[in-house]
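Quick notes on the structure that follows.
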Amino acid sequence: MKVKFCLDSGVDINFLKDSFPELDFYLFKAKIDDFSFYSVISCYVDNEETLKNIWERINNLVGAEYLTIMSDFSSWNIYLAFLSSDKIGNALKYTIENDTFFVRKIIFDNQSEQLAKEQLENLFNNQILGGDIRVDTLINLVELNGPKYSRVTQNLLNAKLPLGRTNKDKDLRNAWLDSAILEVSNHEV
């Protein structure tokens, strides 16, 4: 079974709706098994100034009211997603997304319109769970005949050079190496 985010209206997030009645909040969950899941609480904001003024209070409420009822695994996999039609400045985006106190935070700015719940599910599936990543097998495309070596390497493998530590063995290896370097420098590879 593939893990996917779905809207979960069965969990009470009224603590957010009551504190911020002017904002829209939705809870999405991706169930892993009977006891573990990922959660995303989404929040639409009008502009950067609104986001700047509210993100910490929302984060603290989520930490105090929602995080405390989670199981161990699920408590490590909570995301707070802020969505805005406006562009959010890099400094604020960096501050928010790098603050991992309580939950992870993601900002989706430049949204041309408020996304429908199904579109949010797809966005979270792709951005958080990597649902848009495709892995193609290349077994039929790759020739598995072994490694391809350069002419110099093939010559080295076929040279049967002595491996001993005597001066004669060292001189033979050095002579072979000198001829290989000369061959490469003459572009005779």
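The values are calculated or read from the model by the stated rules, or taken from the named source; none is laboratory data. As the structure is a prediction and not an experimental result, all values here were calculated from the model. Cβ placement follows ideal geometry from the backbone for every residue including glycine, while neighbour counts extend to all protein chains displayed. All accessible areas refer to the heavy atoms of the entire protein, side chains included, with ligands and DNA or RNA removed. Shrake-Rupley method; radii C 1.70, N 1.55, O 1.52, S 1.80 Å.
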Residue-normalised 222 nm signal for the chain, counting each DSSP H run of n ≥ 4 as -39,500 (n - 2.57), nearest 500 deg cm²/dmol, is -11000 deg cm²/dmol
Looking only at aspartates and glutamates whose Cα falls under 16 Å of residue 2's and that sit 8 or more positions away or on another chain, we get 33, 34, 121, 132
In a Gaussian network model of the chain with springs linking alpha carbons closer than 10 Å, the residue among 77, 60, 174 that fluctuates most is 174
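Once fully extended, how much extra length lies between residue 100 and residue 75, figured as 0.36 nm per residue of separation less the alpha-carbon to alpha-carbon distance?
7.8 nm
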Taking GluC sites (Glu not before Pro) in a DSSP loop with at most 13 other Cβ atoms within 10 angstrom as exposed, one finds the longest site-free stretch of the chain at 23-112
Expected field for residue 168, accessible surface area in Å² at 1.4 Å probe radius, rounded to 10, holds 150
Any residue on another chain or 5+ positions along whose placed amide H is under 5 Å from the amide H of residue 105 is listed here as 80
Zone reached by a paramagnetic label modelled 7 Å from residue 177 Cα along Cα→Cβ, restricted to the stretch 146-165 with backbone N below 18 Å, covers 152-165
At 4 °C in a medium of viscosity 1.567 mPa s, the chain has a Stokes-Einstein diffusion coefficient, with Rh taken as the Kirkwood radius over alpha carbon pairs, in µm² per second, of 61
Which of 39, 112, 74 fluctuates most in a GNM of the chain (C-alpha springs under 10 Å)? That residue is 112
Sorted by accessible surface (1.4 Å probe, heavy atoms of the protein chains only), largest first, 55, 76, 176 come out as 76, 176, 55
Rounded to the nearest 10 Å², the 1.4 Å probe accessible area of residue 9 is 110
HN-Hα couplings for the stretch 87-94 via Karplus (6.51, -1.76, 1.60; θ = phi - 60°), in whole Hz with x for Gly/Pro, come out as 6, 9, x, 4, 5, 5, 4, 4
Taking placed amide H atoms and a strict 5 Å upper bound, the residues 5 or more places from residue 88 or on another chain that come that close are 110
In nm, the gap between the two label points placed 7 Å beyond Cα toward Cβ at residue 47 and residue 3 is 3.8
If one builds a Gaussian network model of the chain from Cα atoms under 10 Å apart, the most fluctuating residue listed among 175, 91, 116 is 175
Percent antiparallel among DSSP beta bridges confined to the chain, nearest 5, equals 45
Projected onto the charge dipole of the chain (unit charges on the beta-carbon of Lys, Arg, Asp and Glu, signs +1, +1, -1, -1), the Cα from 135, 68, 27 with the largest positive-side position is that of 135
The answer for the chain, accessible area per residue at 1.4 Å probe in Å², is 67
So residue 122 and residue 168, fully extended at 0.36 nm per residue minus their Cα-Cα distance, gain in nm 9.5 nm
With all protein chains present and a 1.4 Å probe, the order of 6, 43 from largest accessible area down is 6, 43
Expected unfolding gain across residue 34-residue 150 under the 0.36 nm per residue rule, minus the alpha-carbon gap, is 36.2 nm
